[in-house]
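K.L.:
I have a structure I would like to understand better, so I am pasting it below and will then ask my questions one at a time.
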Amino acid sequence: MERKRPRFFRDGFCFQANELSGALLFRRRCAFMGTSRMTIRRNLAQQIGPIPPEIQIQADEYIYTLAPVLMPLRILPEALTYYRVHADNAFHMLNADPVKLRHKQKSLAALVKTLSLRLSQLGIGSEVRRALLDYTDASADQLRLSLDGGWSWETVATEWKIYRVTHPNATVAYRVFKSLTLLTALFAPPKTFYRTQKALAQNQLYHRLRYKCFRSPKWNTSRGMARLAKDLHVENSDCHWVLRAREAGAAGVVFNHAEQLEKLGHQVDSWFFDDVLPSPRWPTRFRDLEFAVAVSSRLRRQPQQYDVVNLHAPWGCVYGLSRKWFPSVELPPYVFTMQGSEERFARAMKLEHRKGRAANFAWKNRVWHRLYHQTMYDFSISTADFGAVANREGWILSELKYGHPPGRISYVPNGVSEEFFQPRIFADVPANRLLYVGTWLDRKGIHYLADAFTALAARSPEIQLTVAGCILAEEQVKAYFPIAIRNRISVLPFLSSRRDARALRCA
């Protein structure tokens with residue numbers, strides 16, 4: 001089953017672009033730099049400046065290209081700001097104004113020229129300079145050809161350079177498709193080619209055909225910080241592994257369990273996805289299983305390191321099976337933890353799909369869910385020695401369905417940290433502020449929430465709703481509500497520990 005999950009930026013936080021590997025990583029990470037997204041030290045800014053006056057647009061690119069060449073760079077994984085593109089932006093243009101485009105082209109050409117000279121003065125090799133500047137150089141050439149024309153072979157060279165940079169891991173089918181489109185560029189003047197390209201980009205039939213037959217490969221951005229780069233981007237994914245973030249749901253359960261066990265005198269190590277699989281290799285669809293395999297392999301390599309292992313379902317399936325098929329007295333007992341029954345989730349989403357309120361639970365998704373996800377849950381629960389379930393129904397089902405003797409599975413409701421409890425004074429005023437905390441997913445009943453709040457808003461003109469930790473952008477959440485009441489809804493897409501108390505005080 002495909003579920004919508006935010007793609008998280010997980011590797012490539014720190015690098016330096018003074019060598020080829022760092023320059024290639026810079027080319028894929030440069031969207032996270034520039035303007036208000038960039039902070040540099042004063043002494044580094046003094047080494048970079050002054051900025052050449054001929055660069056009138058993208059002057060920040062001059063800074064953020066040289067900065068990681070001169071000093072190691074670090075990208076923060078947290079979303080700290082939102083970047084808005086205003087209507088008069090001279091780089092991201094809503095309307096293709098020829099005067100503005102020509103101004104942009106000259107600035108980009110000057111940027112490439114001055115950067116190439118400065119990088120050469122710093123002793124940076126030609127191969128590294130090309131990796132840093134090829135895309136900007138090709139973008140300037142693309143604008144020049146579309147505005148002034150040129151030779152057809154220049155169009156082919158420019159488009160192939162851009163394609164090579166933006167799609168380094170393209171499939172064979174897409175490379176063939178791209179080659180065929182560029183073949184037409186040899187027989188058309190550049191201006192005609194780009195006019196046709198623009199017309200096709202606005203044609204919906206072309207988009208559907210291209211998506212179906214030649215789906216464009218994505219940039220290799222490691223479960224992407226794309227959501228932090230341009231507003232917020234959510235993609236279909238099958239990944240249910242957990243990243244090390246205390247504010248996340250499953251991760252919060254792990255931290256809570258660890259803290260309580262430590263209070264009882266136990267020593268606890270917590271493993272998360274980024275600890276076990278720093279560089280995943282399997283396709284995203286099978287990332288759950290890859291994580292489970294990696295956990296099992298790591299435990300079997302160090303069998304005497306732990307007395308007990310507690311693995312969150314469904315990721316204990318491989319370790320449980322390995323203990324069953326290849327038993328060893330050295331392997332520690334296996335306890336599974338689970339929030340609720342997957343069977344209930346599947347039934348609820350099937351009913352929601354009939355109502356048209358489930359984005360990804362058609363029959364293909366249900367078949368995939370049963371064969372893949374449910375099977376992992378089955379083996380995770382059936383092969384465990386003990387279990388802790390935070391939901392009564394899941395607790396009972398784990399005993400009855402999988403044949404565990406009474407007492408092996410425990411009902412352990414999940415608590416919250418003490419910092420969530422704030423001293424409050426309840427005055428004699430109407431309770432008209434509501435709070436929803438959690439990801440904005442159809443399986444969490446967001447359609448019912450929207451319907452309920454709409455009904456309440458019609459009865460009470462003062463009622464307000466705060467949606468916190470939803471991960472989606474404010475506009476996407478408010479789109480679920482009627483326009484007339486959207487001004488009564490506040491959205492906090494991301495929460496940190498410092499902001500949790502603030503969010504709770506809002507309701």
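K.L.:
Phe177 passes all but one of (1) open to solvent by 40 Å² or more (accessible area, probe 1.4 Å); (2) out of contact with any helix residue (DSSP H, G or I) (no Cβ under 6 Å at 6 or more places or on another chain); (3) in a helix (DSSP H, G or I); (4) among the aromatic types (Phe, Trp, Tyr); which number fails?
P.N.:
Just one mismatch for Phe177, condition (1).
K.L.:
Which pairs have Cβ atoms under 9 Å, sit 6 or more apart or on different chains, and link a residue in segment 305-321 that is of a type in the set (Asp, Glu) to one that is open to solvent by less than 10 Å² (accessible area, probe 1.4 Å) and at pLDDT 90 or above?
P.N.:
If the second residue must be open to solvent by less than 10 Å² (accessible area, probe 1.4 Å) and at pLDDT 90 or above, the pairs left are Asp307/Pro332.
K.L.:
If you don't mind, there's one more thing I want to ask. Please go through segment 376-397 and pick out each residue that is without any contact (Cβ under 8 Å) to a residue 24 or more places away in the chain and not aromatic (Phe, Trp, Tyr).
P.N.:
Arg392, Ile396 - these are the residues of segment 376-397 that are without any contact (Cβ under 8 Å) to a residue 24 or more places away in the chain and not aromatic (Phe, Trp, Tyr).
K.L.:
If you don't mind, another one. Taking the stated definitions as given, is Val165 in a helix (DSSP H, G or I), open to solvent by less than 30 Å² (accessible area, probe 1.4 Å) and without any contact (Cβ under 8 Å) to a residue 60 or more places away in the chain?
P.N.:
no
K.L.:
Which residues, taken from segment 261-274, are of a type in the set (A, V, I, L, M, F, W, C) and either surrounded by 13 or more Cβ atoms within 10 Å (Cβ to Cβ) or touching a Pro at 6+ places or on another chain (Cβ under 7 Å) (or both)?
P.N.:
Leu261, Val268, Trp271, Phe272, Phe273 - these are the residues of segment 261-274 that are of a type in the set (A, V, I, L, M, F, W, C) and either surrounded by 13 or more Cβ atoms within 10 Å (Cβ to Cβ) or touching a Pro at 6+ places or on another chain (Cβ under 7 Å) (or both).
K.L.:
Report yes if some residue within segment 12-21 is at pLDDT 80 or above, open to solvent by 20 Å² or more (accessible area, probe 1.4 Å), farther than 30 Å from Arg366 by Cα and of a type in the set (Ser, Thr, Tyr); otherwise report no.
P.N.:
Yes: one or more hits.
K.L.:
Those residues that are modelled with pLDDT under 65 and touching a His at 6+ places or on another chain (Cβ under 9 Å), I need them from segment 171-219; list them, please.
P.N.:
Those that are modelled with pLDDT under 65 and touching a His at 6+ places or on another chain (Cβ under 9 Å): Ser216, Pro217, Lys218, Trp219.
K.L.:
In segment 452-479, which residues are in a helix (DSSP H, G or I), open to solvent by 40 Å² or more (accessible area, probe 1.4 Å) and under 17 Å from Asn432 (Cα atoms)?
P.N.:
Result: Ala452, Thr454, Ala455, Leu456, Ala458, Arg459.
K.L.:
Right, next: Cβ-Cβ under 9 Å, sequence separation 6+ or interchain: first residue in segment 124-149 and modelled with pLDDT under 85 and open to solvent by 50 Å² or more (accessible area, probe 1.4 Å), partner of a type in the set (Gly, Ala, Ser) and in a helix (DSSP H, G or I). Which pairs?
P.N.:
none
K.L.:
Then there's this: Pull up segment 275-304, narrow it to residues that are of a type outside the set (A, V, I, L, M, F, W, C) and without any contact (Cβ under 8 Å) to a residue 12 or more places away in the chain, then point me to the one that is most open to solvent (accessible area, probe 1.4 Å).
P.N.:
Here the residue is Arg281.
The values are calculated or read from the model by the stated rules, or taken from the named source; none is laboratory data. Since the model is a prediction, treat every value here as computed from it, not as a measurement. Positions of Cβ are generated from backbone atoms using ideal geometry, with glycine treated the same way; all protein chains shown enter the neighbour counts. Areas reflect the complete protein model, heavy atoms only, side chains present, ligands, DNA and RNA absent. Shrake-Rupley method; radii C 1.70, N 1.55, O 1.52, S 1.80 Å.
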